[in-house]
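The values are calculated or read from the model by the stated rules, or taken from the named source; none is laboratory data. Remember, predicted model here, so these are calculated numbers, not experimental data. Methodologically, a virtual Cβ is constructed for each residue, glycine included, from the backbone with ideal geometry; neighbour enumeration extends over all protein chains shown. These accessible areas exclude ligands, DNA and RNA; they are computed on the full protein's heavy atoms, side chains included. Shrake-Rupley method; radii C 1.70, N 1.55, O 1.52, S 1.80 Å.
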Amino acid sequence: ENEMRNHFGTAIIVLTGSLIAFGTYPNIGILFVVSPIACAGVIYFLSQIRPEDIDHDAARGLKATSDSPDAEGNSTENTEYKLTGPDGVPAAADAESAAATPMEILKDPILLVFIFIVFLFHTSNGTVLPLVMQTLAIGEGRVGILMSGLCIIVAQVFMVGSAKVCGDYSGRYGRKTLFLIGLFSVPIRCLILYFLTGIKNAQAETSVLLQVIILSTQILDGVGAGVFGTMYILVTSDISGGTGRFSLTLGLTTAAMSIGGTVSGYLGQALAQDRGYQMAFLILGFMALVPAVGYLLFMPETSKEMDKKEDVVVRMTTIEEAPAANEEGESSPAIV
């Protein structure tokens, strides 16, 4: 729900700024007042959070919690403690000793693989949106500014839906299935953009229909980045659950995301300048296959709900097979 509101708020802010820039072009300086106004709202609502409402143990991942909907769609909350006392709850004095050390976190192979995948995903995906915006905006004046804003708005609106789907179904179908949908949407998007920019290059003047079609590829951005934005936090929470180091783990994955985005910005612009936009999209598409295939091959299912479901299935299968085994193992009565 928080991720949905995040994307919806971003869409509103960008729409407001785009309309202001479109109406005041070429003197668009006034649009920069939108950000301070939004920041004032953030500060106000942060001040409304009461400290006593925060469960610091759960927030830091000392408690491995899950509130994902189950198979029937009911929201459940399961709490597991890494270190428990006689009553099943760690005492406040033992909270610090229950937390894993930073070195223990860094030695987790699943976390290291995930950090690398996060870095590769943003290295390939981070620059695609700016390249699409440039494709639509260069030489188009005030219409180009509006189209650039619409690139973000379309993506953010569909990210709201992606976040909703991830929140509702990640507990039912697992993290990995939904994550793979988001990861593989990026190379598909880049391949479509490769063909569309080829058509655009062949035209003397870009038609409105082609601009709309290029803009519509941002739907896939809403799927890819929308799924990633929600699922990477859930997977990070799964990996760090019970360690007391959720903030550290999230910091590592977020740092990988930021570094990948920075590298992507330079790489994408260099490719567009040296090879052209069409080849840039093609190369980035092939690069996006690496984290997608890597997640498919090397990342396990991290959802504890899925592990519990598999355990239930195994137990039920064992119970069903037990009577049959007993029947086959019964010896025939001896004839005297």
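Among the acidic types (Asp, Glu) and at pLDDT below 55 - does that describe any residue in the range 40-60? No; the residues of the range 40-60 include none that is among the acidic types (Asp, Glu) and at pLDDT below 55.
Does Gly139 count as open to solvent by 30 Å² or more (accessible area, probe 1.4 Å), modelled with pLDDT under 95, among the small types (Gly, Ala, Ser) and in a helix (DSSP H, G or I)? Taking the combined requirement at face value, the residue does not satisfy it. So, Thr177, is that one surrounded by 24 or more Cβ atoms within 10 Å (Cβ to Cβ) and β-branched (Val, Ile, Thr) or not? Criteria not met by Thr177.
The residues of the range 30-40 that are over 25 Å from the mean Cα position of the chain (by Cα) and open to solvent by less than 50 Å² (accessible area, probe 1.4 Å), listed by number, are Leu31, Val34. Of the numbered criteria (1) in contact with a Lys or Arg (Cβ under 8 Å, 6 or more places away or on another chain); (2) under 27 Å from Cys166 (Cβ atoms), the one Phe8 fails is (1). The condition of being at pLDDT below 90 and either farther than 30 Å from Ile110 by Cα or charged (D, E, K, R) (or both) holds for only one of Gly198, Gly144, Gly167, that being Gly144.
Of the candidates Thr243, Thr249, Thr262, the single residue that is in contact with a strand residue (DSSP E or B) (Cβ under 9 Å, 6 or more places away or on another chain) and either at pLDDT 75 or above or open to solvent by less than 60 Å² (accessible area, probe 1.4 Å) (or both) is Thr243. Only one of the numbered conditions (1) assigned to a helix (DSSP H, G or I); (2) surrounded by fewer than 18 Cβ atoms within 10 Å (Cβ to Cβ) is not met by Val235, and that is (2). For the range 181-205, a residue qualifies if it is open to solvent by less than 30 Å² (accessible area, probe 1.4 Å) and either in contact (Cβ under 8 Å) with a residue 60 or more places away in the chain or touching a Lys or Arg at 6+ places or on another chain (Cβ under 8 Å) (or both), and the qualifying residues are Leu183, Val186, Pro187, Arg189, Cys190, Leu193, Thr197, Gly198. Filtering Phe119, Phe195 for residues that are in contact with a helix residue (DSSP H, G or I) (Cβ under 8 Å, 6 or more places away or on another chain) and in a helix (DSSP H, G or I) leaves a single hit, Phe119.
Screening Gly242, Gly226, Gly285 for residues that are assigned to a helix (DSSP H, G or I) and farther than 22 Å from Val160 by Cβ leaves exactly one candidate, Gly285.
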